[in-house]
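Okay, so here's the structure we're looking at.
FYI, it's all coordinate maths here, none of it is from the lab. Note that the coordinates shown come from a computational prediction; the quantities given were computed from them, not determined experimentally. We place every Cβ from the backbone using ideal geometry, glycine too, and count neighbours over all the protein chains shown.
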Amino acid sequence: MLYIKSLEQAVPVFKALGSDIRIRLIQTLLEHQEMNMNELASSLGITNGALTSHVTVSYTHLTLPTTSRV
């Protein structure tokens, strides 16, 4: 569970969730847990390059479930 006590603590969460794609990325990983980058990109309907950008932004601000297969 995430507890936010101040606006400053919330900023990284807002940044990580600031895109519909990133929200769908997190939902997909929570549902499927083990997906490689190709599977993720395909399920989200985006390129691998776009996925890499979204993962980088999310990872910078949040700890995401990891993909175990690459």
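Using the structure shown, decide if Asn36 is touching a Lys or Arg at 6+ places or on another chain (Cβ under 9 Å) and polar (S, T, N, Q).
Details: touching a Lys or Arg at 6+ places or on another chain (Cβ under 9 Å): yes; polar (S, T, N, Q): yes.
Here the answer is yes, as Asn36 does meet what is asked.
Can you pull out the residues in region 33-62 that are over 13 Å from Ser19 (Cβ atoms), within 13 Å of the chain's Cα centre (by Cα), not β-branched (Val, Ile, Thr) and not in a loop (DSSP other than H, G, I, E, B)?
Passing the criteria: Met37, Leu40, Ala41, Tyr59.
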